Amino acid sequence: MDYNDAERTSARLLHVEEAAKLLSIGRTKAYELIANGQLHAIHLGRARRGSAVARSTASSAASTASLTHSGRPPGVHSRDRESRGSSTPNHPRPRNAIGRRTGRNHMGSKGSPGEASIFRAKDGRWHGWITVGTRANGKPDRRHRTAKTRNEVVRKIRELEVRRETGTNTAVNSDTVEAWFRHWITNIAARRVRPRTLESYESMIRMDITPYLGGQRLDRLQPEHLEALYNALIEKGLSPTSVLRVHRIISRALTVAMQRQRIHRNVATLVDPPAQRRSEVATALTLEEATAVLHEARGLRDEARWTVALALGLRQSEALALQWKDIDLLNGTLAVRRTLHRVKGKGLVYEPPKTPRSLRTLALPIPLVRALHEQRRARPASA
């Protein structure tokens, strides 16, 4: 039953609370059935009304219930004139734009607190307002919808009301992409990632995201915006791997925004980033190159650092973080327990490896053990 039909029917009307009680379900469930189209509501607002519900037995399933039957349901007494013995026909009283009974025919009406207000402007367009909650500053959260026809505005306002009752409304915000990413990197990511990782996030947001999307409203971000960004970064000279890192940062920031109801979807999940291709070019040093490195490092204070790194394949941060207590010359082993990074504003910082697999103990080749013994005797106080 649509809203025009509702104005012509003489059916006894029920509040949603009454219908929920009649069906032995909760009010929230009733609103969910309305959202699914199984309960067809007529009246908008907290005093929402629907046409009477026919229930043949007390155990009738709520999922098949519909507030579209005219006439009196079993056990419900009609309030019309005929039930009082009057011979006067029971004509429906006029209703305003949101279905509320009134003594005169209004073009539009302002609802009571919590209800919808629908009216027609001088330009002929229909406008609807509804309170869906309270803002962070304590003021009512009023939402506005407009359309060319009354039925279209009613449909939009009805969707907002169902979201209000089911708790699925997104928070009103006018944050730009730049403002949200600045909040995310400062207050959220900073507590979850390593300082070095945070520094790389800040760099990519500043260099690769903000210049292209910074002025875009967060809640109006579309998949096409991200696709255009990735194409621009490829043309700029970034590798597919770098663009993939940018995509992951965007996705993480938008996931938090969606969890906090600032947006209703994460558009990054709708976009495929550039495919990551493995390099087939070997990056290991040749024997001649490794020999040249050792020759240049001979006599340096950190000669052992180069020797160990080349012999065991350590990362630079792992080799720089080695201390004599990590090396067991008697048993010929070396333990990787930490890394060393330079962090902006903090200088050199020791950190544990990223993954448990990076914590490892390696066997030392015999020539390397002899070289470390010589290094130890030459510089016993070095770390």
Q. Among the candidates 253, 268, which residue alone is at pLDDT 90 or above, touching a Ser or Thr at 6+ places or on another chain (Cβ under 6 Å) and hydrophobic (A, V, I, L, M, F, W, C)?
A. 268
**Q.** the range 213-246, residues that are among the hydroxyl-bearing types (Ser, Thr, Tyr) and buried (at least 18 other Cβ atoms within 10 Å of the Cβ)
**A.** 230
Q.
Please go through the range 332-371 and give me each residue that is buried (at least 16 other Cβ atoms within 10 Å of the Cβ) and without any contact (Cβ under 8 Å) to a residue 60 or more places away in the chain, ordered by number.
A. 334, 336, 337, 338, 339, 353, 364, 369
Q: For the range 122-158, name all the residues that are in a loop (DSSP other than H, G, I, E, B) and either of a type outside the set (A, V, I, L, M, F, W, C) or in contact with a Phe, Trp or Tyr (Cβ under 9 Å, 6 or more places away or on another chain) (or both).
A: 122, 123, 124, 125, 135, 137, 138, 139, 148, 149
Q.
The conditions are (1) touching a residue at least 24 places away in the same chain (Cβ under 8 Å); (2) touching a strand residue (DSSP E or B) at 6+ places or on another chain (Cβ under 7 Å), and residue 329 fails exactly one of them. Which is it?
A. (2)
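If a residue must be of a type in the set (S, T, N, Q) and without any contact (Cβ under 8 Å) to a residue 12 or more places away in the chain, how many such residues does the range 118-150 contain?
Residues meeting the conditions: 2.
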Q) If we only count strands (runs of 3 or more DSSP E) wholly inside the range 301-383, which ones have 2 or more residues that are in contact with a Lys or Arg (Cβ under 7 Å, 6 or more places away or on another chain)? A) 339-343, 347-351
Q. How many residues are free of Cβ contacts under 8 Å to residues at least 60 places away in the same chain and basic (Lys, Arg) if we restrict to the range 185-214?
A. 3
Q | Residues satisfying the stated conditions in the range 271-289, i.e. at pLDDT below 85, over 26 Å from residue 228 (Cα atoms) and of a type outside the set (S, T, N, Q) | A | 280, 281, 282, 284, 285, 287
Q: Determine which single condition residue 263 fails, assuming it passes every other condition in (1) assigned to a loop (DSSP other than H, G, I, E, B); (2) surrounded by fewer than 18 Cβ atoms within 10 Å (Cβ to Cβ).
A: (2)
Q: Being closer than 23 Å to residue 347 by Cβ, in contact (Cβ under 8 Å) with a residue 60 or more places away in the chain and not small (Gly, Ala, Ser) narrows it down to one of 305, 315, 301, so name that one.
A: 301
Q: Just need a number here: residues in the range 266-298 that are touching a residue at least 40 places away in the same chain (Cβ under 8 Å) and part of a helix (DSSP H, G or I).
A: 3
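The values are calculated or read from the model by the stated rules, or taken from the named source; none is laboratory data. Quick caveat: nothing in here was measured; it's all calculated off a predicted structure. Cβ coordinates were reconstructed from backbone atoms using ideal geometry, including for glycine residues, and neighbour counts include every protein chain displayed.
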